[in-house]
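Read through the structure below, which is laid out as structure tokens, and then see the notes.
The values are calculated or read from the model by the stated rules, or taken from the named source; none is laboratory data. No experiment lies behind these values; they were computed from the predicted model shown. Ideal geometry is used to build each Cβ from the backbone, glycine not excepted, and the neighbour counts take in all protein chains shown. Note: accessible area is taken over every heavy atom of the protein model, side chains too, but ligands, DNA and RNA are not part of it. Shrake-Rupley method; radii C 1.70, N 1.55, O 1.52, S 1.80 Å.
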Amino acid sequence: MAEKVTIAKIAQACGTSIGTVDRALNKRSGISPKTRALVLETAEKMGYKTNKLAGALSRRNSKRIAVIYPSAPEDFYSCMEKGIAKAAEDISIYGVEIESFRYGVEGAEDEKRVLQNLDAEKYDAIAIDPLHSESSYFVDRFSALGKPVALFNNDLPESSRLFFVGGDAAQSGRIGGDILGHLLCGSGCAAVLGNFINSMPFLGRFEGFCQSMERYYPGIQIKAGTDCRHDESITEENIKNFVGSCHSRLGIFCTSYSSTLSAIQALEKLGRTDIALVGYDVSARTSLAVKQGRCKALIYQDPYRQAYQVLELLSRHILEGWESPQKELFIPSRIAFRQNIEDFSDGIMLGDIQI
């Protein structure tokens, strides 16, 4: 029996979103003539019949996905909000609704409260960006209730999550180590600053950074690996201690957006322009620091794509029974330097997606 051709499969073959395919097949505006022609040609080659949309449309308003993610830092999560909004628009044609829940970033209690109060029976699937390892309990609980759970941005690999969409933490840490090693010319001192030291991204990025240093830059001494806890004063104190303990080339690797921003602000306050800084994520504030040379490079996590993809794939799972070929769906890391920082707009990479 021939495999059923769906809009999702056409979208995958064309490298577009399912919403774009729907617009092309139903002669709606919002896409270019070139893209429309590509979709129509691909659909014809795959043997797609337009009446196959009826089954999906008949399920309108019958599926719901809950998406749970932090409320801050806002200029990072605003990119995710745009990805969530775009996914909600595109998958609404299948009758899938998205409902968002936000939690605070100070401590694990608010995250636990939101997850504990979620009425899982109301949803067909759940997407979570967890900050604390304790959330594995809720992932397992939701899964036991028959609710597929996918994670994005931050992973809990020991949990029963269906799949994870986001960056490869260890690989991006190795990239950060390689960049900082070049900036320090292979000798000097390095510090690692981050938030939520017990979370997977910090640990993975820190481990990857140390691997790069050990293998390629043995002449660089790692002096500190500290948790800044979203507090600029703690970051400033850590940097002061680091500077006071070293009298050679200095470099700092930040393992998150918030620690990167805190380090930029602390270095500016201390009047230090001689310390090489490598961090994460693009926003108006971090972009300015790159343009001014106060931050040498930013590792880009593509929060828009993370949020969009996790919801699109979850909708395919609950509508079509799609299964991920692997548990980790890694989004490649990209690097923003002074020479290409203009390729990013409000944390979204131009040319890679439609804004």
Output the residues belonging to segment 16-49 that are under 16 Å from LYS86 (Cβ atoms) and either touching a Cys at 6+ places or on another chain (Cβ under 6 Å) or not hydroxyl-bearing (Ser, Thr, Tyr) (or both).
ILE18, GLY19, VAL21, ASP22, ARG23, ARG28, GLY30, ILE31
Of the residues GLY204, GLY208, GLY225, which single one is open to solvent by 20 Å² or more (accessible area, probe 1.4 Å) and small (Gly, Ala, Ser)?
GLY225
Among the candidates GLU106, GLU158, single out the residue that is open to solvent by 60 Å² or more (accessible area, probe 1.4 Å), acidic (Asp, Glu) and either within 16 Å of VAL310 (Cα to Cα) or in contact (Cβ under 8 Å) with a residue 40 or more places away in the chain (or both).
GLU106
When you check LYS86 against the structure, is it free of Cβ contacts under 8 Å to residues at least 40 places away in the same chain and of a type in the set (Lys, Arg), yes or no?
no
Can you name every residue in segment 133-153 that is surrounded by fewer than 23 Cβ atoms within 10 Å (Cβ to Cβ) and among the aliphatic types (A, V, I, L, M)?
ALA144, LEU145
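Pick from segment 111-132 the residues that are of a type in the set (D, E, K, R) and touching a residue at least 60 places away in the same chain (Cβ under 8 Å): which of them is surrounded by the most Cβ atoms within 10 Å (Cβ to Cβ)?
Filtering segment 111-132 for residues of a type in the set (D, E, K, R) gives 111-113, 119, 121-122, 124, 129.
The next check asks that each one be touching a residue at least 60 places away in the same chain (Cβ under 8 Å); those that pass are 124, 129.
Numbers: ASP124: 20, ASP129: 24.
Checking each candidate, the answer is ASP129.
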Out of segment 92-103, which residues are open to solvent by less than 60 Å² (accessible area, probe 1.4 Å) and not small (Gly, Ala, Ser)?
ILE93, TYR94, VAL96, ILE98, PHE101, TYR103
Which ones in segment 11-39 are of a type in the set (A, V, I, L, M, F, W, C) and under 14 Å from LEU313 (Cα atoms)?
ALA11, ILE18
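Consider GLU99 carefully, then state whether it is modelled with pLDDT of 95 or more, more than 30 Å from TYR217 (Cα to Cα), outside any helix (DSSP H, G or I) and not small (Gly, Ala, Ser).
Values: modelled with pLDDT of 95 or more: yes; more than 30 Å from TYR217 (Cα to Cα): yes; outside any helix (DSSP H, G or I): yes; not small (Gly, Ala, Ser): yes.
For GLU99, the condition - modelled with pLDDT of 95 or more, more than 30 Å from TYR217 (Cα to Cα), outside any helix (DSSP H, G or I) and not small (Gly, Ala, Ser) - is met.
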Would you mention how many residues in segment 323-338 are assigned to a strand (DSSP E or B) and not charged (D, E, K, R)?
4
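Would you kindly identify the helices (runs of 4 or more DSSP H) lying entirely within segment 1-57 that contain at least 3 residues that are open to solvent by less than 20 Å² (accessible area, probe 1.4 Å) and at pLDDT below 85? Walk me through how you get there before you give the answer.
Details: elements: 7-14, 18-25, 33-46, 53-57.
Fully inside segment 1-57 and qualifying: 18-25.
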SER187 passes all but one of the listed conditions (1) at pLDDT below 90; (2) among the polar types (S, T, N, Q); (3) open to solvent by 10 Å² or more (accessible area, probe 1.4 Å); the exception is number (1)
From THR260, THR273, residue being touching a helix residue (DSSP H, G or I) at 6+ places or on another chain (Cβ under 8 Å), free of Cβ contacts under 8 Å to residues at least 40 places away in the same chain, open to solvent by 10 Å² or more (accessible area, probe 1.4 Å) and hydroxyl-bearing (Ser, Thr, Tyr)
THR273
